[in-house]
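Worksheet: the structure to be examined is printed underneath.
Readers should treat all values here as calculations from the given coordinates under stated rules, not as data from a laboratory. Quantities reported herein were computed from a predicted structural model and do not represent experimental measurements. Cβ coordinates were reconstructed from backbone atoms using ideal geometry, including for glycine residues, and neighbour counts include every protein chain displayed.
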2 protein chains.
Amino acid sequence: MGITRKTKSVKSVISIFENNSDAQSVVHLVDLLKREMNKTTVYRILERLENEKLVHSFVGKDGLKWYAKCTDCCLDEHKDIHPHFQCKDCGKTQCVKQEITMPLLPNYQIDTVEVLFYGLCEQCSI
Amino acid sequence: MGITRKTKSVKSVISIFENNSDAQSVVHLVDLLKREMNKTTVYRILERLENEKLVHSFVGKDGLKWYAKCTDCCLDEHKDIHPHFQCKDCGKTQCVKQEITMPLLPNYQIDTVEVLFYGLCEQCSI
DNA sequence: AAATTTAATGCAACTTAGCTGCAATAACAA
DNA sequence: TTGTTATTGCAGCTAAGTTGCATTAAATTT
């Protein structure tokens, strides 16, 4: 289980995340890579990269799946509380590098807390 | 603009939320009401109820759209920070009645913060 | 209480995200 | 160089959500 083969397609997907720290919607990635590989391949590579914990995924305000590289936003593996920001204007989506504290829910067993900030990014709020 | 006509279908949808404080996925509502009305009607009624601020919507962990009645979870209109909980086992989804404080993101203009707790509910964590 | 207006609905067809099965291809180890 | 098998392409599928348009039925007016 995991990325055992470094194929041309896998390298291609990885390089996108290396050259841009923003999160990427799958839809965007499929479009970006449509000349290089099949959409099914994109879906499957992303799934493998996530298993390998090279990227992590979350659901955007639009209900689409987004992926982002795992770096300083989640140093010690996949932390439970990992906020993301999505710009309602330009669509820019990124990891929020900020600690967040959450209240406990008594009698509940919480695995993850997804936090999505939605609004205008630095560029679009000028 | 808004709910101008109290049709049989509108009353039917509203009564579901009145008889159950849990959030409802649109998929579930469409199925629940399939004998009474067309799925397009369900989608359109929910849209109108949301405009009227009788219900509010959010995206679940699965990317599906969920609706919940606006009551004590959002007394003073639609507050920015309004957490929801979704059970990974039974699917039960509900508003979390708890205040949450969020850090400010400098230079960003945040409209809403979606917080989704994901894990096991009281029943399923026994 | 009929006529009128127009919001609401049903229907059928469409769009799009994401998934599946299987045959063909290409990493990589021997 | 060959053999094994992970990976990919392809075609077709599923399911959520949307759209246009003709029809129906609330609510208002006469």
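Place +1 on the Cβ of every Lys and Arg and -1 on the Cβ of every Asp and Glu in the protein assembly as shown, take the dipole about the Cα centre, and give the residue among B:V55, A:T112, B:T112 whose Cα lies farthest towards its positive end.
Result: B:V55, furthest along the dipole toward the positive end.
Output the 0 to 90 degree angle, nearest 10, between the alpha-carbon long axis of helix B:39-51 and the longest principal axis computed from the alpha carbons of chain B.
Result, in degrees: 50.
Using a label point 7 Å beyond Cα on the Cα-Cβ vector, give me the inter-copy distances for B:G91 in nanometres, one decimal, shortest first.
Ordered by distance, the counterparts are at 3.1 nm.
Using only the Cα atoms of chain A, build the gyration tensor, take square roots of its eigenvalues as a ≥ b ≥ c, and label the shape rounded, prolate or oblate: rounded if a/c is under 1.5, else prolate if a/b is larger than b/c, else oblate.
oblate
How big is the dipole moment of segment B:20-122 about its Cα centre under a simple scheme where the beta carbon of each Lys and Arg is +1, that of each Asp and Glu is -1, and everything else is neutral? Debye, nearest 20, please.
420
Residue farthest toward the positive end of the dipole of chain A, with Cβ of Lys/Arg at +1 and Asp/Glu at -1: which of A:M102, A:V26, A:C121?
In chain A, that residue is A:V26.
Taking the alpha-carbon distance from B:K6 and a cut-off under 28 Å, which lysines remain once sequence neighbours fewer than 8 residues away in the same chain are dropped?
In chain and number order, the partners are B:K34, B:K39, B:K53, B:K65, B:K69, B:K79.
Any idea what the dipole of the protein assembly as shown comes to, in debye rounded to 20, about its Cα centre with Lys/Arg Cβ at +1 and Asp/Glu Cβ at -1?
1260
Looking only at GluC sites (Glu not before Pro) in DSSP loops with at most 15 other Cβ atoms within 10 Å, what is the longest site-free stretch of chain A?
A:1-35
Using a 10 Å cut-off on Cβ to Cβ distances, tally the other chain neighbours for every residue of A:117-126 and report the average as a whole number.
Taking the mean over all residues of the peptide, I get 5.
What are the trypsin sites (Lys or Arg not before Pro) within segment B:1-58 that DSSP puts in a loop, where the Cβ has at most 10 other Cβ atoms within 10 Å?
When the trypsin sites (Lys or Arg not before Pro) of segment B:1-58 are filtered for loop state and at most 10 Cβ neighbours within 10 Å, B:R5, B:K6, B:R35 remain.
Between 0 and 90 degrees, rounded to the nearest ten: what's the tilt of helix B:8-19 against the longest Cα principal axis of chain B?
With both axes taken from Cα atoms, the answer is about 40 degrees.
If I take every Cα pair under 8 Å that is 6 or more residues apart in segment A:12-122, average their sequence separation and divide by the length, what percent do I get for the relative contact order?
26
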